[in-house]
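Trainee: I have a structure here, written as structure tokens, and I will follow up with some questions on it.
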Amino acid sequence: MRVLVVEDEQRVASFVARSLREKAWAVDIAGTGAEALEAARRADYDLILLDLRLPDLDGLEVCRRLRQEGIETAILMLTARGMVEERVRGLDAGADDYLTKPFALAELHARIRALGRRGLGRGVVLRFADLTLDRRRRAVERGGQPVALTQKEFALLEFLLVRAPETVGRSEIVEHVWDAQFDSGSNLVEVYINRLRQKLDQGHAVKLLHTVRGVGYRLGLEP
């Protein structure tokens, strides 16, 4: 999942971004409403974490403009104000959910997971053949046996499962699994695909992770 954190307080933004990256989510940060609009127009985010109070455009205006432009990315709005009127205004502007500061990181993560599942159209447990991925427990099994993955390997597999059995291009993987600082000229995607293939397919007659030459990668049931 790729998340845009829109927060003008650098300390808060860094703290939240670090907590999300520890969950293997790719995170970009915008410090103003204008930066948020530019980032959301440029990249395909799964979720926008949008602070209500920003130094230029406020969060409500950012939300309105995104919706007017047809950008339907899930928006979780943050504010220090707990007034019912503010929550209603945010939801009416197009936000999908609302969280009042200060908040517990556990609740923030849970709300992001819920919005992410809604946006990706899948449930807590993703399945393909004898492969399962539990988003809540962050656990993977193949044939009933646990598969130990790093956080980035988990994020990559999650994205492939969401799109299975479609072929997913390298650029799409970068968009959703890595953040804006990713070096598009590196071979890191290929390295992670190979690691994932070894962990998922080694010792199994049916191989699940396949390379479609010149196109990308897919989950399939070829031997």
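The values are calculated or read from the model by the stated rules, or taken from the named source; none is laboratory data. Treat the numbers as computed from the prediction; the structure is a model and nothing was measured. Note that each Cβ is placed from the backbone with ideal geometry, even for glycine, and that neighbours are counted across all protein chains shown. Side chains included, ligands, DNA and RNA excluded: accessible areas come from the protein's heavy atoms. Shrake-Rupley method; radii C 1.70, N 1.55, O 1.52, S 1.80 Å.
So that you can scan it fast, the table gives a plain yes or no per residue for (1) open to solvent by 30 Å² or more (accessible area, probe 1.4 Å); (2) at pLDDT below 85; (3) of a type in the set (Asp, Glu):
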site	(1), (2), (3)
86	no, yes, yes
129	yes, no, no
141	yes, no, yes
175	yes, yes, yes
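Trainee: Is it the case that some residue within the range 125-141 is in contact with a Pro (Cβ under 9 Å, 6 or more places away or on another chain) and in contact (Cβ under 8 Å) with a residue 24 or more places away in the chain? Before you say what the answer is, go through the steps one by one.
Mentor: Going residue by residue through the range 125-141, those that are in contact with a Pro (Cβ under 9 Å, 6 or more places away or on another chain) are 128, 139-140.
Those still in the list that are in contact (Cβ under 8 Å) with a residue 24 or more places away in the chain too: 128.
Within the range 125-141, one or more residues are in contact with a Pro (Cβ under 9 Å, 6 or more places away or on another chain) and in contact (Cβ under 8 Å) with a residue 24 or more places away in the chain.
Trainee: Here is a list of conditions, (1) within 16 Å of residue 1 (Cβ to Cβ); (2) open to solvent by 80 Å² or more (accessible area, probe 1.4 Å), and residue 69 meets all of them except one; can you say which number that is?
Mentor: (1)
Trainee: Going through the range 195-223 one residue at a time, which ones are open to solvent by 40 Å² or more (accessible area, probe 1.4 Å), touching a Leu at 6+ places or on another chain (Cβ under 9 Å) and not basic (Lys, Arg)?
Mentor: 206, 221, 222
Trainee: Moving on. Just wondering, is there one or more residues in the range 39-62 that are among the small types (Gly, Ala, Ser) and open to solvent by 20 Å² or more (accessible area, probe 1.4 Å)? It would help to see each step written out before you state the result.
Mentor: Taking the range 39-62 and keeping what is among the small types (Gly, Ala, Ser), we get 39-40, 43, 59.
Going one step further and asking which of them are open to solvent by 20 Å² or more (accessible area, probe 1.4 Å), we end up with none.
No: zero hits.
Trainee: Which of the helices (runs of 4 or more DSSP H) found entirely inside the range 138-223 contain at least 3 residues meeting this: of a type in the set (Lys, Arg)? Reasoning before the result, please.
Mentor: Numbers: elements: 151-163, 170-177, 188-201.
Helices (runs of 4 or more DSSP H) meeting the threshold: 188-201.
Trainee: Just to be sure I understand the filter: pairs with C-beta atoms under 6 Å, separated by 6 or more residues or on different chains, first member in the range 86-112 and within 21 Å of residue 68 (Cβ to Cβ), second member open to solvent by 70 Å² or more (accessible area, probe 1.4 Å). Which pairs pass?
Mentor: Within 6 Å, the pairs are 93/64; 98/87.
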